[in-house]
Amino acid sequence: MLRLIHILSVAIISCACLSHAASQASSRFLIRGNIVTPDGVIANGWLDIQDGRIARILTTKPESVDVPTVETRDYIFPGFVDLHDHPSFNIFPRWTTPHKFPNRYAWREWDVYKHELEDRGGALFHNDANFCDIDEYVEVKALIGGTTSMIGFTGHGSSKHLPDCLKGLVRNLDVYTGFYGPEQGHERIANSIGITPLDMTPKEAADVKQRIASGSIDLLAIHIAEGLPTDSESAHELDQLDAAGLLTAHTALIHSVGLSPAQFARVHRAGSSIVWSPHSNFELYGATANVDAAFRQGVTIALAPDWSPTGSDNMLDEIKYASGVSRDKLDGLFSSRQLVEMASNVPARIAYIDDKVGTLAPGMLADFFLVRPTDASTARNPYDALVAGNITSIVLVVIGGVPIYGDPVLLGNLKVKTEPVTVCSAERALNIDALPAGSFAGVEARLTAKMKTVGSTLAPLAECVP
């Protein structure tokens, strides 16, 4: 259950098991802004950040406190929790296909896809030096859009233990978050490409079932029914999942494009949730999940970008895309607030980590971002202001109490050593000490050269739109 916000202080439990980036944090700093909580906006409130957590939320500035301070009128949102991504592929430019597909098996077996993405990716992903450069680039690509936790580095045939550079920047929910100690291999979220034997063997399915039953796994995030409702192969996957004993309250069904209203009723009865990725769905299949039926059946729905080749570059872009779908195709089914929550506290709850991230409250980890409204007509509503903005509206991102990215002036006020970066013509900066593979300019240069060797180009950090 989500915590209620109270204007009070709490005892701070110092956690030595935060991410690598958190080890670089100042022990304390203050930020003023309009704090967005489940109970409403605390206008001109103060976040008191100590040891990587939110120590207090106050309505007035603490007296006699000599710590780094940022005073803004920006909106402060909890960081986005991305339950569906394939980050390794986000180095590739947008992949436009000449036609739509009936299901994912059609394009996964297509020789064009194999050549342009899978083979090129395979040539890059399994070299540790390349991996660390890729990791830094794609995590920066995610966090500039407000993502502070994500999933997806497993599920591509990677070894269980990935290079420790992954411990920096965004929390990787299926590999390393810092929640459960200083080493990899203790996360409570499993990520799977699918339930068919090609993606999950019966032995693997039985193992996951046993781990859910024993309580060692809190969530299985699994691709299910990624194909049109008319595609029997996709629709049958729900039966396969159920037969394996994996349709449970600890399961998040990724995509679910091919599920019928009756099947969504089954999903709801089982207590499972779905992860909606409309941008990629429309690009590949010309349709998306029947979220109207799912919503009316009471299914919990999270929102996530899938990957940037056919989906969105980041969570903010996916929210904006989903807002257009809701307006133009679903008769305004989802409000701006619902869409933002589908990217923050809802996925945190689905992943059973809502006691740590997903909302702003005393005792929660200090994962948040600041949004500067760009449209006066929406500025009074924080959720409308976020949806109406663009990538440059985000002026600060903090993960585990560490200022990672943002306006150079704000980072300077927080005493952060920075490296300049340009995002859609806006001057921004990155925390040099938090970058796991070193200088971002160096990473970008190396990846640009490496992509050329495989016959491709490096995707931009963001697709810049007005």
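The values are calculated or read from the model by the stated rules, or taken from the named source; none is laboratory data. No experiment lies behind these values; they were computed from the predicted model shown. Glycine gets a Cβ as well: all are built from the backbone with ideal geometry, and neighbour counts include every protein chain shown. The protein model used for the area step is the full one, side chains on, heavy atoms only, and it has no ligands, DNA or RNA in it. Shrake-Rupley method; radii C 1.70, N 1.55, O 1.52, S 1.80 Å.
Residue by residue, here is whether (1) out of contact with any Lys or Arg (no Cβ under 8 Å at 6 or more places or on another chain); (2) closer than 28 Å to residue 275 by Cα; (3) free of Cβ contacts under 8 Å to residues at least 24 places away in the same chain holds:
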{"site": "32", "(1), (2), (3)": "no, no, no"}
{"site": "36", "(1), (2), (3)": "yes, yes, no"}
{"site": "56", "(1), (2), (3)": "yes, no, no"}
{"site": "63", "(1), (2), (3)": "yes, no, yes"}
{"site": "79", "(1), (2), (3)": "yes, yes, no"}
{"site": "90", "(1), (2), (3)": "no, yes, no"}
{"site": "93", "(1), (2), (3)": "yes, yes, no"}
{"site": "102", "(1), (2), (3)": "yes, yes, no"}
Residue 463 vs. criteria outside any strand (DSSP E or B), under 18 Å from residue 168 (Cα atoms) and either open to solvent by 20 Å² or more (accessible area, probe 1.4 Å) or touching a helix residue (DSSP H, G or I) at 6+ places or on another chain (Cβ under 9 Å) (or both)
no
From the options 233, 187, 204, residue that is among the acidic types (Asp, Glu) and either in a loop (DSSP other than H, G, I, E, B) or touching a helix residue (DSSP H, G or I) at 6+ places or on another chain (Cβ under 6 Å) (or both)
187
Candidates 437, 441, 449, 429, filtered to the one that is under 24 Å from residue 167 (Cβ atoms) and surrounded by fewer than 21 Cβ atoms within 10 Å (Cβ to Cβ)
441
Starting from region 111-132, take each residue that is more than 15 Å from residue 93 (Cβ to Cβ) and list its partners that are surrounded by 13 or more Cβ atoms within 10 Å (Cβ to Cβ) and of a type outside the set (Gly, Ala, Ser), counting only C-beta distances under 6 angstrom and pairs at least six apart or across chains.
123/454; 128/163; 130/124; 131/163; 132/163; 132/165
Please identify the pairs in which a residue from region 445-466 that is on the phi > 0 side of the Ramachandran plot has its Cβ atom under 6 Å from the Cβ atom of a residue that is of a type outside the set (A, V, I, L, M, F, W, C) and open to solvent by less than 70 Å² (accessible area, probe 1.4 Å), counting only partners at least 6 apart or on another chain.
none
For residue 249, are the conditions met, namely being within 21 Å of residue 210 (Cβ to Cβ), surrounded by fewer than 17 Cβ atoms within 10 Å (Cβ to Cβ) and at pLDDT 95 or above?
yes
Scanning region 404-456 for residues that are within 23 Å of residue 30 (Cβ to Cβ), part of a helix (DSSP H, G or I) and not aliphatic (A, V, I, L, M) gives 408, 412, 413, 433
Answer yes or no: is there a residue in region 139-157 that is in contact with a Ser or Thr (Cβ under 8 Å, 6 or more places away or on another chain), small (Gly, Ala, Ser), in contact (Cβ under 8 Å) with a residue 40 or more places away in the chain and open to solvent by 20 Å² or more (accessible area, probe 1.4 Å).
yes
I want to confirm something. Restricting to region 282-311 and keeping residues that are free of Cβ contacts under 8 Å to residues at least 60 places away in the same chain and of a type in the set (S, T, N, Q), which single residue is least open to solvent (accessible area, probe 1.4 Å)?
288
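Hand me the list of helices (runs of 4 or more DSSP H) wholly inside region 295-385 holding 2 or more residues that are polar (S, T, N, Q).
Because the criterion is at least 2 residues that are polar (S, T, N, Q), the helices (runs of 4 or more DSSP H) in region 295-385 that meet it are 315-329, 336-341.
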Give me the residue from region 354-394 that is out of contact with any Pro (no Cβ under 9 Å at 6 or more places or on another chain) and of a type in the set (Gly, Ala, Ser) and, out of that set, surrounded by the most Cβ atoms within 10 Å (Cβ to Cβ).
366
Quick check, is residue 402 buried (at least 22 other Cβ atoms within 10 Å of the Cβ), β-branched (Val, Ile, Thr) and over 30 Å from residue 119 (Cβ atoms)?
yes
Within region 69-96, tally of residues that are touching a Leu at 6+ places or on another chain (Cβ under 9 Å) and open to solvent by 30 Å² or more (accessible area, probe 1.4 Å)
3
For region 416-426 the number of residues that are within 21 Å of residue 372 (Cα to Cα) and open to solvent by 60 Å² or more (accessible area, probe 1.4 Å) is 3
For region 164-178, give me each residue that is outside any loop (DSSP other than H, G, I, E, B) and either in contact with a Lys or Arg (Cβ under 7 Å, 6 or more places away or on another chain) or open to solvent by 10 Å² or more (accessible area, probe 1.4 Å) (or both).
164, 165, 167, 176
Qualifying positions in region 71-117 - under 30 Å from residue 403 (Cα atoms), in contact with a Gly (Cβ under 8 Å, 6 or more places away or on another chain), not acidic (Asp, Glu) and not in a helix (DSSP H, G or I):
72, 73, 75, 76, 77, 78, 79, 80, 81, 84, 86, 92
All but one of (1) part of a loop (DSSP other than H, G, I, E, B); (2) surrounded by fewer than 23 Cβ atoms within 10 Å (Cβ to Cβ); (3) within 21 Å of the chain's Cα centre (by Cα); (4) touching a residue at least 40 places away in the same chain (Cβ under 8 Å) hold for residue 181; state the number of the condition that does not hold.
(3)
Picking from 406, 412, 442, 389, which residue would you name as being in contact (Cβ under 8 Å) with a residue 40 or more places away in the chain and small (Gly, Ala, Ser)?
389
Single residue of region 106-137 satisfying the filter (surrounded by fewer than 17 Cβ atoms within 10 Å (Cβ to Cβ) and hydrophobic (A, V, I, L, M, F, W, C)) that is modelled with the lowest pLDDT
129
Please count how many residues of region 218-246 are open to solvent by 40 Å² or more (accessible area, probe 1.4 Å) and not aliphatic (A, V, I, L, M).
8
